[in-house]
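**Student:** Before we start, here is the structure in question, set down as structure tokens.
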Amino acid sequence: MTVRWAHSARIGEKFNSILAANPSQFVRIMNRAVFLDRDGTLIVEKNYLHRPEEVEIFPGAGPALKRLVNAGFKLIIVTNQSGIGRGYYTLADAERVNNRVCADLARDGVRFEKTYIAPEAPDQPSRGRKPSPQFLFDARDEFDLNLAGSFMVGDKLIDLECGWNAGVKKSILVRTGYGAEEEKLSPTAITSAVAVNNLAEMAEWVLNCQ
């Protein structure tokens, strides 16, 4: 028994020495995220939404996301807001809407690490506009995330492609927003994704996937 414990102690000491030498690598292994589109995924799709008072959270979204938070996932919003680039509203308008979304979901104990916004119109050069994975890479570096253990959730093909381009564990299509229509129009394109009806089903799938 003494020999066995001594052997275990030596293994523990070796692990601690490796961890001390490479702390960021081990943190990254542990930190996982669920990246979420905003319009049509977290909130009801309303063309070029820019008024906070018009925000409508999908029923059940808060408790579903809280389950992910409790399981240790970091939640990050990644949203294309082409209405800014088209001149329909300002970045400040979009940020006010984002603040309302976060405040409404905070009532259920949900906390988002950050919201990444791509303000460009589709015909404008953009660093982060989905399906570009750049914001996911930015989040990886900022929050020491393991993208291979993370998930991308959205209601459009570009959301799924963003996740695939970043190398996440799985891209998940929700049938809210444009999701149901996307599933019908692009069945072949989304075969690598998981399709669920809502965020509650998404959370259940993610937690069962661990």
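Every read-out reported here was derived from the displayed coordinates using simple, explicitly stated rules and does not represent laboratory data. Not measured: the values here are computed from a predicted model. Cβ sites come from the backbone with ideal geometry, for glycine too, and all protein chains shown count toward neighbours.
**Student:** Give me the pairs, please: first residue somewhere in the stretch 67-78 and on the phi > 0 side of the Ramachandran plot, second residue anywhere and not in a loop (DSSP other than H, G, I, E, B), beta-carbon distance under 9 Å, and either six or more positions apart or on two chains.
**Tutor:** That search, which allows pairs on different chains as well, returns 72/30.
**Student:** Identify all residues within the stretch 123-171 that are in a strand (DSSP E or B) and either surrounded by fewer than 17 Cβ atoms within 10 Å (Cβ to Cβ) or out of contact with any strand residue (DSSP E or B) (no Cβ under 6 Å at 6 or more places or on another chain) (or both); write none if there are none.
**Tutor:** Step one: list which residues in the stretch 123-171 are in a strand (DSSP E or B), which gives 151-154, 170-171.
Result: 154, single match.
**Student:** What are the residues in the stretch 37-51 that are more than 10 Å from residue 156 (Cβ to Cβ) and in contact with a Leu (Cβ under 8 Å, 6 or more places away or on another chain), if any?
**Tutor:** Correct list: 42, 43.
**Student:** Does at least one position in the stretch 92-113 carry a residue that is of a type in the set (S, T, N, Q) and surrounded by fewer than 18 Cβ atoms within 10 Å (Cβ to Cβ)?
**Tutor:** Initial filter on the stretch 92-113 (of a type in the set (S, T, N, Q)): 98-99.
Adding the requirement that they be surrounded by fewer than 18 Cβ atoms within 10 Å (Cβ to Cβ) leaves 99.
The answer is yes; a qualifying residue exists.
**Student:** Is there a residue in the stretch 65-73 that is of a type outside the set (Lys, Arg), more than 14 Å from the chain's Cα centre (by Cα) and part of a helix (DSSP H, G or I)?
**Tutor:** We begin by selecting, within the stretch 65-73, every residue of a type outside the set (Lys, Arg); these are 65, 68-73.
Now drop any that are not more than 14 Å from the chain's Cα centre (by Cα), which leaves 70-71.
Of the ones still in play, those that are also part of a helix (DSSP H, G or I) are 70.
Yes, there is a match, as at least one residue in the stretch 65-73 is of a type outside the set (Lys, Arg), more than 14 Å from the chain's Cα centre (by Cα) and part of a helix (DSSP H, G or I).
**Student:** Give the residues of the stretch 180-199 that are surrounded by fewer than 17 Cβ atoms within 10 Å (Cβ to Cβ) and either in a helix (DSSP H, G or I) or without any contact (Cβ under 8 Å) to a residue 12 or more places away in the chain (or both), sorted by residue number.
**Tutor:** 180, 181, 184, 185, 187, 188, 191, listed by residue number.
**Student:** Which residues, taken from the stretch 80-117, are touching a strand residue (DSSP E or B) at 6+ places or on another chain (Cβ under 6 Å) and under 16 Å from residue 33 (Cα atoms)?
**Tutor:** Matches in the stretch 80-117: 112, 113, 114, 115, 116.
**Student:** Same structure again: Out of (1) touching a residue at least 40 places away in the same chain (Cβ under 8 Å); (2) within 15 Å of the chain's Cα centre (by Cα); (3) at positive phi, the odd one out for residue 177 is which?
**Tutor:** Unmet for residue 177, out of (1) touching a residue at least 40 places away in the same chain (Cβ under 8 Å); (2) within 15 Å of the chain's Cα centre (by Cα); (3) at positive phi: (2).
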